[in-house]
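> Pasting a structure below so you can have a look.
Nothing in this text is a laboratory measurement; each read-out follows from the coordinates by a stated rule. The structure displayed is predicted, hence computed values, not measured ones. Every residue, glycine as well, gets a Cβ built from its backbone with ideal geometry; the counts of neighbours run over all protein chains shown.
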Ligand code: G6P
């Protein structure tokens, strides 16, 4: 049944391995030959999206990290200015709502108290409309939003969110493409639409790295801290990798946009501080490489999850994990997976309660 571990040791591992399938389900029926079907967001979506001049995205936890990635996509693919904020902050400040602002909530459960309160707050203000991207049909968030797009992750039991996050990312990429389309983007996004179709296959290739990541995880079991680095849309992916490690292994982890390293965290780097870098082959790669040199020079041990085409060899203090080549826009989704697997294997080594980490709840329905 849907709530059995299906032969996996933990729900979290099962849910990590379901990602190819649930991403395919989230794309199902939402792509045309070369474009996203805008009515996937509801019958009124096309007319509402035409009026969008700004986007405000509100969420908590892992869902907030998905929103942070979406900002890069919406600004790049649709040219629409986007702000992202955690619900618990948003709901208590004097928010300025410019004309034509779409309010977007992201939530696996659709019942997170702060996110729901933020939607109710927004409903009292002059937004163009609200959209919920959510995994639970009929949840409060879904019922109270103008438009909805359901992620098709299925029930997620592990408290640390995995498949809900990657399906949110897919949904948000659909949103960026849909906003781009109503704003006149035409053929230029066809290769990305094709890339989305091929994504479930790429995810399967990344999942096959499981054994290699299990090997790497041994280097972390005795450590007390870890630093995650990413640039651009991979900064939020680094944040999510750090959150996963914190949540289930109880190792203190922080994430930084790699360019900020020199403004503080470099002072912490020594041989006891493993540094994990996400290095897709994008325009920021050369800059990231020089950030990694700064770490190496301080004796830090480096773990680089890198595009297979990058020239970088494993040596004593540098461990390179090769990730299948993927287009720039899809890379944040793909690079999430090795970070989930790393956190999972470190937690198993440490013997924690992976599916039910201490002090945390799957859904936080009180403030
Ligand atoms: C809790 C969960 C997280 C989740 C967050 C937001 O903290 O432990 O995994 O990301 O709530 O939940 P939501 O259901 O709104 O996505």
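> What are the equivalent ellipsoid semi-axes of the range 137-207, built from the alpha-carbon gyration tensor (square roots of five times its eigenvalues), in whole angstrom, biggest first?
The equivalent ellipsoid of the range 137-207 has semi-axes of 24, 21, 7 Å.
> Report, to the nearest 10°, how far helix 163-182 tilts away from the longest principal axis of the Cα atoms in the chain, using its own Cα long axis and a range of 0 to 90°.
Once rounded, the angle reads 50 degrees.
> Viscosity 0.890 mPa s, temperature 25 °C: give me the Stokes-Einstein translational D for the chain in µm²/s, with Rh taken as the Kirkwood radius over C-alpha pairs.
Stokes-Einstein gives a translational diffusion coefficient of 118 µm²/s.
> Take every Cα pair under 8 Å in the range 122-162 that's 6+ residues apart, average their separations, divide by the length, and report that relative contact order as a whole percent.
35 percent
> Right, next: Using only Cα atoms, what is the ratio of the radius of gyration of the range 68-194 to 2.2 N^0.38 Å? Write down the numbers at each step before the final one.
Working: Rg = 14.7 Å, N = 127, 2.2 N^0.38 = 13.9 Å.
Cα-based Rg divided by the globular estimate yields 1.06.
> Among 70, 43, 277, which one shows the highest mean-square fluctuation when the chain is modelled as a Gaussian network with alpha-carbon springs under 10 Å?
43
> So for the range 267-367: antiparallel DSSP bridges make up what percent, rounded to the nearest 5?
The answer is about 10 percent antiparallel.
> For 316, 328, 15, 247, what's the fewest-to-most ordering of other Cβ within 10 Å of each Cβ?
Ranked by crowding around the Cβ, least crowded first: 316, 328, 247, 15.
> May I ask for the equivalent-ellipsoid semi-axes of the range 233-359, computed as the square root of five times each C-alpha gyration tensor eigenvalue and listed largest first in whole Å?
Taking √(5λ) for each eigenvalue gives 23, 18, 14 Å, largest first.
> Looking only at the chain, where both bridge partners belong to it, what percent of the DSSP beta bridges are antiparallel (to the nearest 5)?
Values: 2 of 42 bridges.
Beta bridges within the chain, antiparallel portion: roughly 5 percent.
> Using packing as a proxy for protection, rank 58-65, 359-366 so that the peptide with the highest average count of other Cβ atoms within 10 Å comes first.
The peptides rank, most packed first, as 58-65, 359-366.
> Hey, what did the chain get for relative contact order, percent, Cα under 8 Å, at least 6 apart? Walk me through the numbers before you get to the answer.
On the way: 722 pairs, mean separation 72.5, N = 367.
RCO, the chain: 20 percent.
> What is the angle, in °, between the Cα long axis of helix 190-207 and the longest principal axis of the Cα atoms in the chain? Nearest 10 is fine, range 0 to 90.
Once rounded, the angle reads 40 degrees.
> For the range 1-160, how big is the tail of P(r) above 22 Å, as a whole percent of Cα pairs?
It works out to 44 percent of all Cα pairs.
> Okay, moving on. Roughly how many Å is it from the Cα centre of the range 1-74 to that of the range 214-243, as a whole number?
23 Å
> State the antiparallel share, in %, of DSSP beta bridges confined to the range 17-162, rounding to the nearest 5.
Percent antiparallel among DSSP bridges in the range 17-162 is about 5.
> Okay, next question. For residue 263 and residue 188, what is the calculated FRET efficiency with R₀ set at 30 Å and r taken between the beta-carbons, to the nearest 0.05?
Computed FRET efficiency for residue 263 and residue 188: 0.25.
> I need 312, 12, 218, 150 ordered by Cβ neighbour count within 10 Å, fewest first.
218, 312, 150, 12
> Using the beta-carbon distance between residue 310 and residue 21 and R0 = 35 Å, what value does 1/(1 + (r/R0)^6) give for FRET efficiency, to the nearest 0.05?
Values: r = 29 Å, r/R0 = 0.83.
Calculated transfer efficiency: 0.75.
> Next question. So what is the relative contact order for the range 42-159, in percent, with contacts set as C-alpha pairs under 8 Å and at least six apart?
Relative CO of the range 42-159 lands at 26 percent.
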